[in-house]
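Any read-out appearing in this document is the output of simple, stated calculations on the displayed coordinates, not a laboratory observation. Here the structure is a predicted model, which means the values were calculated and not measured. Virtual Cβ from ideal backbone geometry, glycine too; neighbours counted across all protein chains shown.
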Amino acid sequence: MVRDHIGQATHLDDAAERQIPVVNKIEIADIVDALKLGMKDFRRQPLYGLFFGCFFAIGGNMIVLMSFFYNQSHLSYPLAVGFWLIGPFIAVGLYEVSRRLEKNEELSWRGVLGIMWDQHRRELAWMAFVVIFILLMWMFEVRLLLALFLGFSGFSTFGEFLQVMFTTPQGFMFLVVGNVVGALISLILFSLTVVSFPLLLDRSYDFITAMITSVKVVLASPVVMIGWGWAITLILLASMAPAFIGLIVTLPILGHTTWHLYRKAVRFEDKPKLN
């Protein structure tokens, strides 16, 4: 059993030996209710949400600025979009806040950050590796499509890159194909992670079981869950527009919402006894 830095038991690590995760069907009403609960958690403990939201917003701006600094401004858009693919991992602290609020457990910075640090010894670290691997695939796909449609041409300014994108057939095809492939990669990542991170924080299952459970959640309610995935994408894109500032609020709300959606989507039942 894992304990936080103030000595309290926080997770039922023996649950994987006694119970199995079972998927519930999700309705639109469940999404709306989870969103309301997520907003409630943010209002109850706004400092935690603002802290993680600011961390994400600053990180996004740094990545974009570095792309300009190294004369790779044409990669700023895919880098910015790719950066929020790791949102589920960064939101682990938000899941922990919601978990403690739900159970009326003591909430402290030491406890929340300590639990996040403890994950490097647990299966959640492997999920982080999966996310990073998909992020690398995302960037490889961008460079490959740039080479296929635009050759290895360099762009001296971001404005020049935009001009090529919107005034040439090759640039337009790059945008269309790039966004379609990117959407497919995002869908795969969403399916693998929509409940796997909160599940691994809450219970001591292996990361393969967590990913399978996450995919089952999407398959059990494909229209609602994919619709929710698109809603998240649109919210995050809108939040990124003004220098990532919107993420300071939207990221923590979505993080808290994800925890409550996990609680609605997954239940645990005792394993059937073998004769």
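Can you work out the Karplus-derived ³J(HN,Hα) for every residue in segment 163-174? Use 6.51 cos²θ - 1.76 cosθ + 1.60 with θ = phi - 60°, whole Hz, and x for glycine or proline.
After applying 6.51 cos²θ - 1.76 cosθ + 1.60, I find 4, 5, 4, 9, 10, 10, x, 5, x, 5, 5, 4 Hz.
Please give the residues of segment 229-263, grouped as numeric ranges, whose backbone N is less than 19 Å from a label point set 7 Å along the Cα-to-Cβ vector of Phe68.
Zone members listed by number: 239-247.
Separation between the Phe172 and Val22 pseudo-spin-labels, each 7 Å from Cα along Cα→Cβ, expressed in nm?
Reported label-point gap for Phe172 and Val22 is 5.4 nm.
Using the 10 angstrom Cβ neighbour count as an exposure proxy, how do His120, His256 rank, fewest first?
The fewest-first ordering by Cβ neighbours comes to His120, His256.
Among Lys36/Lys103; Lys36/Lys271; Lys40/Lys216, which pairs are too far apart, with a Cα-Cα distance over 26 Å?
Beyond 26 Å between Cα atoms: Lys36/Lys271; Lys40/Lys216.
Using packing as a proxy for protection, rank 47-60, 196-209 so that the peptide with the highest average count of other Cβ atoms within 10 Å comes first.
Result, highest mean Cβ count within 10 Å first: 196-209, 47-60.
Once phi is turned into θ = phi - 60°, what whole-Hz ³J(HN,Hα) does the Karplus curve with 6.51, -1.76 and 1.60 give for every residue of segment 239-245, x standing for Gly and Pro?
6, 6, 3, x, 6, 6, 5
Based on a Kirkwood Rh over C-alpha pairs, give the Stokes-Einstein translational diffusion coefficient of segment 95-151 at 4 °C and viscosity 1.567 mPa s in µm²/s.
Translational diffusion coefficient: 91 µm²/s.
Which of the peptides 179-190, 164-175, 94-105 is most tightly packed, and how do the rest follow, going by the mean number of other Cβ atoms within 10 Å of each residue?
So the order, starting with the most tightly packed, is 94-105, 179-190, 164-175.
Would you give the gap between the C-alpha center of segment 190-232 and the C-alpha center of segment 105-144, rounded to a whole Å?
For segment 190-232 versus segment 105-144, the Cα centre distance is 15 Å.
With no solvent and one equal point scatterer placed on each C-alpha of segment 16-269, evaluate the Debye formula and give log10 I(q)/I(0) for q = 0.17 Å⁻¹, two decimals.
-1.32
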